[in-house]
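Okay, so here's the structure we're looking at.
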Amino acid sequence: MAFDYKKMLKRELNVGLKDRQYRMMGGAAALLLSVFLGNIFLLLIGIVLVATAFMRWCPVYSGLSKSTVDPNEPAPDSGSHSGTESH
């Protein structure tokens with residue numbers, strides 16, 4: 001399995017919903033533990049896990065051409081409103 005550095009820099013959705021939940025829970029736990037233990041390594045791991053869960057993109061997954069996105073899961077919101085706003 002070769003690691004492709006050029007593909008790693010290309011941002012694409014490659015973290016599925018279940019993987020996102022695991023990353024969010026694991027990252028939150030690592031952040032909480034780092035506060036009580038004063039461990040910088042746990043703090044960095046927690047930040048990376050929460051950030052990749054939030055963005056739903058993992059550069060390591062991109063480099064390895066791996067994706068945990070289920071083709072049947074709903075697409076993420078693009079951040080734009082669909083015109084159904086109430087004034």
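The values are calculated or read from the model by the stated rules, or taken from the named source; none is laboratory data. As the structure is a computational prediction, the values presented were derived from the model and not from experiment. Virtual Cβ from ideal backbone geometry, glycine too; neighbours counted across all protein chains shown.
Checking the structure you have, find out if any residue of the stretch 46-63 is outside any helix (DSSP H, G or I), at pLDDT below 90 and surrounded by 10 or more Cβ atoms within 10 Å (Cβ to Cβ).
Within the stretch 46-63 (the criterion being outside any helix (DSSP H, G or I), at pLDDT below 90 and surrounded by 10 or more Cβ atoms within 10 Å (Cβ to Cβ)), the answer is no, since none of the residues qualifies.
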Restricting attention to the stretch 71-86, does a residue exist that is assigned to a helix (DSSP H, G or I) and either modelled with pLDDT of 85 or more or out of contact with any Lys or Arg (no Cβ under 7 Å at 6 or more places or on another chain) (or both)?
no
